[in-house]
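The values are calculated or read from the model by the stated rules, or taken from the named source; none is laboratory data. Keep in mind the model is a prediction, meaning the values are calculated, not measured. A quick note on method: Cβ atoms are made from the backbone with ideal geometry, for glycine too, and the neighbour counts reach across all protein chains shown.
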Amino acid sequence: MFGLGLVFSAVKTIGNVMQQRQETKRYNAMAERNHAYRMAQGEIEYQAQVRSDNQDGWKDEFVLYSVFFGDADTKAKLDLFFAYFNALPQWYQWLLIGIFGAIYGLKPAAGMFGKK
């Protein structure tokens, strides 16, 4: 009796998973269709321009220039920063690297899960 109920429960669960996958495929297809429609109507052109402007931004270069050329004691300050940074727990270092990577669109934490 117990085994039969377990089999029915497993079959029902598998059916639900398959149904949800099919729904996900339908939603993705509808989203692609709606995106293509909005592009054809010219609604998304503005978003593409904003994305292009962000890639051609000068802010990152300004920050790098001000860090490396704005102060004569830059090397000493960077050495002090990395001395403090290396003293932090490793999980916190990866957290900070992940945050900065997300800001600049990188994926530095991918190396954290690799084989050692």
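Looking for something over 30 Å from ARG33 (Cα atoms), at pLDDT below 80 and among the β-branched types (Val, Ile, Thr) - is there at least one such residue anywhere in region 79-101? Within region 79-101, not a single residue is over 30 Å from ARG33 (Cα atoms), at pLDDT below 80 and among the β-branched types (Val, Ile, Thr).
The rows are residues; the columns are (1) in contact with a Leu (Cβ under 7 Å, 6 or more places away or on another chain); (2) modelled with pLDDT of 90 or more; (3) exposed (fewer than 10 other Cβ atoms within 10 Å of the Cβ).
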site: GLY3; (1), (2), (3): no, no, yes
site: MET30; (1), (2), (3): no, yes, no
site: MET39; (1), (2), (3): no, no, no
site: GLU43; (1), (2), (3): no, no, no
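Of note, TYR104 satisfies the criterion of being under 11 Å from the mean Cα position of the chain (by Cα) and either at pLDDT 75 or above or of a type in the set (Ser, Thr, Tyr) (or both). With respect to the conditions (1) part of a loop (DSSP other than H, G, I, E, B); (2) at pLDDT 90 or above, ALA72 lacks only one, and its number is (2). Only one entry in VAL67, VAL50 is modelled with pLDDT under 75, assigned to a helix (DSSP H, G or I), of a type in the set (Val, Ile, Thr) and loosely packed, with under 11 Cβ neighbours inside 10 Å, namely VAL50.
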